[in-house]
Amino acid sequence: MAVVFDKRNTRAWSMAGPSGVLGLASCEIAKENSNFAILTSDLCSYSGLGRFKKLYPGQLYNVGIAEQNMVAMAAGMASEGMDVFAVTYAAFASARALDQVKLCMGYMKQAVKLAGLSSGFTSGILGATHMCIEDIAIMRAIPDIAIFSPADTTETMKVLLTTVNMQQPVYIRICGAQRMPVVFQDDYLFKPGKAVQLKKGQDVCIMATGPMVVQSLRAARKLEEDYGISCTVWDFHTIRPIDKDVIMDSCKYKLIVTAEEHNTTGGFGSAVSEVLSLCKERPRQLFIGVDGFYPHAASYNYLLEQCGLLPEQVAERIKTFLEEN
């Protein structure tokens, strides 16, 4: 597919946000793949699929507010050899349709690509019903589902273009809104299951996923500039299969930090900890995420602040942890 990864496009994708990128990627896929279809649960416009609907009306299926049926229908289409994206809010994809995800994607191994929009606190203004801080834990509990969590809109494009051809069930965790901060301005090597190193340091290894990648980069710069603490930062765009080599190699650092816009129970940090448990000697691990509570409805940045996920808060927690341990 002739998608150009350059500064002009990555800036435009950032302005459009992940939903806009979903629409753009879908149009690119459909140009070359008449066997491609998208199912949505009454979220056509919100999912950035307005242009796709006009160009490829026969390849878009709006099932209405029926997420469970959507996953089951997508599985049926996949079983007939179609390449299928199923798109809805992450909260509904992971929880409301969980029985169908478990049976149709996990047990039956149908190659549905389930895109969970507005994960984390993206739709936090709508309250706990639309916040999604459990989806990684839920999907990790179901065997054989690959889990992706892109850091920005550039990586969202990479994930969408890559996963459409994967012959296995996939969950794509999509966080962020329009004007999403850019991590990758130019093209780079994207490989499922292989983390990307964004900064190299000596003292602390920060492993981040989703929007916490950019927050971690900013925190790492603050730690270095203000306190002389040198940090390595990794982007873990794939949570399953996870990059075990990078995790095992991180045991040489003074501290390992995992950062996610998700519950600290069962999420990305837990996945890293499970790999680290195999190491004979390992440093301490600091889990940065949501510590077991549901904040009230509020703006995105306010919710990040409430949960200690802003860069200055992350930097302060790392500094304090090193001083106390």
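The values are calculated or read from the model by the stated rules, or taken from the named source; none is laboratory data. Please read these numbers as outputs of a predicted model, since none were measured by experiment. Cβ placement follows ideal geometry from the backbone for every residue including glycine, while neighbour counts extend to all protein chains displayed. For accessibility, only protein heavy atoms count, side chains too; no ligands or nucleic acids. Shrake-Rupley method; radii C 1.70, N 1.55, O 1.52, S 1.80 Å.
What to note about this one:
- Any pair with Cβ under 6 angstrom, 6 or more apart, that starts in the range 176-188 at a residue that is more than 10 Å from G17 (Cα to Cα) and ends at one that is open to solvent by 40 Å² or more (accessible area, probe 1.4 Å): Q185/K7
- Contacts under 6 angstrom Cβ, first residue in the range 68-88 being under 13 Å from C104 (Cβ atoms) and at pLDDT 95 or above, partner part of a helix (DSSP H, G or I) and not hydrophobic (A, V, I, L, M, F, W, C), 6 or more apart: Q68/Q100; V71/Q100; A72/Q100
- Of all residues in the range 37-78, those being out of contact with any helix residue (DSSP H, G or I) (no Cβ under 7 Å at 6 or more places or on another chain), of a type outside the set (D, E), in a loop (DSSP other than H, G, I, E, B) and closer than 19 Å to R96 by Cβ number 4.
- Some residue of the range 55-65 being under 13 Å from P169 (Cα atoms), out of contact with any strand residue (DSSP E or B) (no Cβ under 7 Å at 6 or more places or on another chain) and among the hydrophobic types (A, V, I, L, M, F, W, C): no
- Scanning the range 243-270 for residues that are surrounded by fewer than 22 Cβ atoms within 10 Å (Cβ to Cβ) and among the hydrophobic types (A, V, I, L, M, F, W, C) returns V246, M248, C251, L255.
- With respect to the stated conditions, Y227 is open to solvent by 60 Å² or more (accessible area, probe 1.4 Å), among the aromatic types (F, W, Y) and over 26 Å from I138 (Cα atoms).
- The set of residues from the range 217-242 being closer than 25 Å to L278 by Cβ and over 15 Å from the mean Cα position of the chain (by Cα) comprises C231, T232, V233.
- Only one of the numbered conditions (1) farther than 17 Å from L49 by Cα; (2) open to solvent by 10 Å² or more (accessible area, probe 1.4 Å); (3) within 21 Å of the chain's Cα centre (by Cα) is not met by D83, and that is (1).
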